[in-house]
Every structure is written in structure tokens, then in C-alpha cells.
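Report on one structure; see the data block that follows.
The values are calculated or read from the model by the stated rules, or taken from the named source; none is laboratory data. No experiment lies behind these values; they were computed from the predicted model shown. Cβ atoms come from the backbone with ideal geometry, glycine included; neighbour counts cover every protein chain shown. These area figures cover heavy atoms from the full protein model, side chains too; ligands, DNA and RNA do not enter into them. Shrake-Rupley method; radii C 1.70, N 1.55, O 1.52, S 1.80 Å.
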Amino acid sequence: MNKKVIIFSAPSGSGKSTVVNHLLTKFDNLEFSISATSRAPRGHEQNGREYYFLSEEEFRRRVAANEFVEYEEVYADSFYGTLKSEMERIWSNGNIILFDVDVKGGINLKKLLGDQALSVFIKAPSIRELRRRLELRGTDSPEAIEARVVKARSEVRYASKFDVVLINDDLATCLREAEECVAEFITRPKKKVALFFGTFNPMHTGHLEILRYLKEHTEADEVRVVVSPQNPMKQKNYSKSARLKNVKAAIARSGLDVKVSDVEYNLQEPLYTINTLRYLREKEPTCHHIMVIGADNLTILSRWYRYQELIDEFEIWVYPRKGVDAPALCEEHNSRSAIKGIRLLEGRLHNISSTEIRNAELTGKDMSAWKA
Ligand code: ADP
Ligand code: 5GP
């Protein structure tokens with residue numbers, strides 16, 4: 001599931017509610033996040049519609065029970081917060097969450113959710129205009145308006161922490177711009193992340209060539225080397241921290257724009273690749289993860305843990321290796337897969353392997369030219 005959220009924050013009187021309500025009528029798959037608050041209901045407000053109204057005591061109890069994603073004392077003695085259960089409720093409906101939260105809450109949610117979130121700051125053209133709108137709205141006492149204006153002066157300083165700042169001068173223009181940026185975010189394709197798994201004992205020039213190929217000749221938006229501390233099918237006999245350090249150094253020397261991931265160093269052994277891929281999919285829902293493997297692995301792939309699920313859930317890119325009929329093997333695996341996501345890369349063959357380097361070094365040969 002593509003768990004996305006859109007956050008709107010603004011100083012009071014900027015037009016945030018107007019924009020948020022407009023968006024809810026325009027996009028069927030947006031659902032308003034109903035916050036919990038300790039303030040009393042106003043006018044026609046209903047529990048479970050505008051807010052979940054809680055006593056201050058109940059609000060504090062839930063804070064202590066860690067039930068909030070974030071909360072703030074937005075006004076003196078009035079607490080507002082987003083319940084974890086509310087986010088799960090909306091996501092389980094298959095919808096995108098629309099937040100209307102104060103500026104601090106907006107910044108905290110964005111920090112927490114990263115690429116999963118679009119954060120938008122709505123700004124009135126001036127403080128004077130904001131005051132005029134609050135007066136015209138007629139919902140607040142002169143003292144309350146004064147307090148909101150004072151707060152607005154400090155809040156506008158945080159606008160640059162948001163992904164988008166919309167100036168609400170002409171309302172129709174602001175609504176159109178809000179619609180455009182929401183539509184772009186909703187339809188934004190997932191980031192394609194090519195994951196080059198391996199033990200890299202040691203990393204060699206062939207590995208670097210594959211990484212360069214992935215960067216230059218595929219549609220991957222990001223390329224990551226995932227260093228495995230332990231291959232479940234191989235013996236444990238070398239230092240995992242030294243390997244990670246060597247890979248990082250080799251990538252830095254190569255100048256390639258490639259990330260090195262130690263995600264598997266923090267996962268429970270045995271390290272089955274499908275578990276790592278599922279973990280990343282859960283942790284990075286805005287990414288599409290692709291496993292990159294050498295064609296030699298195709299001869300044993302059906303013995304990998306949960307093979308069928310692996311080939312049905314994840315795209316796999318294969319680079320050719322000598323002595324392996326890669327096209328035939330790709331076809332064979334694809335014939336068993338629901339998504340047929342196994343693709344042979346066109347890169348040239350690399351006549352070097354880590355095993356060859358290790359074995360040659362055991363006989364005293366200098367293999368440094370091959371090492372990355
Ligand atoms: P917020 O939710 O940020 O406190 P509102 O959406 O309630 O702000 O807007 C404050 C007042 O200003 C409302 O009465 C609203 O109708 C009005 N308003 C909103 N946008 C504009 C605009 N572009 N020009 C003039 N008035 C506006
Ligand atoms: P009101 O009392 O006028 O309904 O809302 C006051 C302010 O509280 C608004 O700026 C609104 O965005 C903010 N707010 C509402 N819910 C939340 C929430 O869950 N968290 C935070 N941080 N602010 C909220």
C-alpha cells in the first residue's frame with residue numbers, strides 16, 4: 001500500500017481551512033485526519049467529525065500511553081494531537097491522509113514521514129491582511145485575534161521548512177495551485193531503487209562496472225549496494241565490519257553516485273533476501289525496490305527462502321555471468337512468476353569474481369589490479 005500523507009499548516013487566518021475543505025471536495029481519495037483535542041466543542045462541532053473531544057485528563061493519559069504520533073499545546077491549556085490509530089484507520093481505508101495541524105506539528109510530521117509526506121505552508125499576503133480576514137470572519141474576540149496575530153508573526157518564520165509555500169492572495173489562484181501540487185504528489189511515481197546485494201569479499205572492478213551500468217543505462221532513480229554481513233548459504237569466516245568499511249571506501253574512490261546500505265547488519269539472522277526486501281518495502285513505502293543479482297544465482301534461485309513469493313513480489317534485474325545461459329534461465333523463472341519481473345540487463349560479461357580473487361591470492365598472486 002502506498003501510504004501517503006499531505007500536511008497543511010498555516011498561521012490562523014491564512015486560509016488553511018478554506019483550502020483543506022476545497023481539496024476534500026476535489027479528491028475522492030483524500031481523507032481528513034480527525035485530531036484529538038482537549039478544548040471544548042464549538043458551535044455545531046461533533047465528536048468524531050471535526051475532532052475527537054477528550055478531557056484534559058484523558059488526553060494526558062493517552063500521551064503517557066504513547067498513543068499520539070505528535071501533539072502540541074497549540075493554545076494555552078488546549079492540547080491538539082494526531083492519534084496513531086487515526087492514521088491507521090485512514091490508510092486501512094486505502095486513502096491518503098490530509099492533515100490540518102499547527103506549524104510545529106506540521107514540521108514534526110514531515111520530519112517523521114519524509115518522502116511519504118507533502119508539507120504545505122499557507123501564507124496570507126501580509127500580517128495586516130491576515131488580521132483583516134480574522135476580523136471579517138467574526139469568530140474570534142479582539143483579544144483572541146491579537147493573540148493569533150502575535151503567534152502568526154513568529155510562525156511565518158518557519159515557512160521555509162515546508163516542501164511548498166502557497167501565498168493565499170487571490171483565493172481562486174491559491175486553490176488552483178493547491179490542487180496542482182496535491183495532484184502531482186498523489187500521482188508521483190515511486191522512486192525506483194536498484195539494490196545490489198552481495199557479501200563483496202572483496203569488492204572488485206566488475207562490481208563497479210555493474211554499478212556504473214545501473215546508473216547510466218537503467219531507469220533506476222537510486223542505486224544502493226547492500227552489504228550482507230552473512231550469506232545464509234555461505235560459511236561465516238570473514239570480518240563483516242571490515243567488509244562494510246572496504247565497500248564504503250571503494251565506492252568513495254570510484255566517484256559513483258551510489259549509496260552503501262548496512263540495513264542487513266541490523267536485521268535478525270538468518271538473513272534471507274526476501275525478509276530484507278519486505279522490510280525495506282514497509283519502511284520506504286514511496287520506493288519501488290528492485291533486486292539486482294548475477295546470472296549465476298539463477299541456477300540456485302529456486303532454492304532461496306520463499307522463492308515463489310520472492311519472484312511474485314519483487315522485480316529482479318540480472319546481469320550476465322560467464323558460463324550461464326542467462327536468457328534461458330530468466331525465461332524459465334519468469335514462466336513461474338505472476339509478475340514476470342525478471343529482466344536480463346544488457347551489460348557486458350565481467351570476467352572476474354570475488355572467489356577467483358580470493359583463490360588467486362591464496363596462491364600468492366597479486367590481484368590488486370582487480371580490486372575496487
Ligand atoms: P485558517 O483556517 O487558516 O484559520 P480560514 O480558512 O478560516 O483560515 O480563512 C480565514 C478567513 O479568511 C475566512 O473567513 C475565509 O473565508 C477568508 N479567506 C480565505 N482566503 C481568502 C482570500 N484569498 N481572500 C480573502 N479572504 C479569504
Ligand atoms: P481550532 O481550535 O481553531 O480548531 O484549531 C486550532 C489549531 O490547532 C489549528 O491551527 C489546527 O491546525 C491545530 N491543530 C488541529 N489538530 C492538530 C493536531 O493534531 N496537531 C497539531 N499539532 N495541531 C493541530
Test: residue in segment 161-174 that is more than 22 Å from E31 (Cβ to Cβ), open to solvent by 20 Å² or more (accessible area, probe 1.4 Å), of a type in the set (S, T, N, Q) and more than 15 Å from ligand 1 (Cβ to nearest atom): no
Residues of segment 154-182 satisfying the condition of being in a helix (DSSP H, G or I) and touching a residue at least 40 places away in the same chain (Cβ under 8 Å): E155, V156, Y158, K161, L171, C174, L175, A178, E179, C181, V182
Subset of segment 333-367 (residues that are surrounded by 13 or more Cβ atoms within 10 Å (Cβ to Cβ) and of a type in the set (G, A, S)): S337, G341, G347, S353, S354, A360
Whichever residue in segment 323-338 is out of contact with any helix residue (DSSP H, G or I) (no Cβ under 6 Å at 6 or more places or on another chain) and either part of a loop (DSSP other than H, G, I, E, B) or of a type in the set (A, V, I, L, M, F, W, C) (or both) and, among such residues, is modelled with the lowest pLDDT: G323
Qualifying residues in segment 1-27 (those that are assigned to a loop (DSSP other than H, G, I, E, B) and of a type outside the set (G, A, S)) - the one modelled with the lowest pLDDT: M1
Condition check for F79: in contact with an Asp or Glu (Cβ under 7 Å, 6 or more places away or on another chain), within 11 Å of ligand 2 (Cβ to nearest atom) and over 25 Å from H22 (Cα atoms): yes
Selection count where residues are within 15 Å of ligand 1 (Cβ to nearest atom) and touching a strand residue (DSSP E or B) at 6+ places or on another chain (Cβ under 6 Å), scope segment 75-100: 4
Residue match in segment 153-160 (condition: away from ligand 1 (no atom under 16 Å from the Cβ) and surrounded by fewer than 20 Cβ atoms within 10 Å (Cβ to Cβ)): yes
Strands (runs of 3 or more DSSP E) wholly inside segment 53-107 that include at least 1 residues being loosely packed, with under 15 Cβ neighbours inside 10 Å: 68-75, 78-83
Matching option when the condition is surrounded by 13 or more Cβ atoms within 10 Å (Cβ to Cβ), more than 9 Å from ligand 2 (Cβ to nearest atom) and not in a helix (DSSP H, G or I), among E45, E31: E31
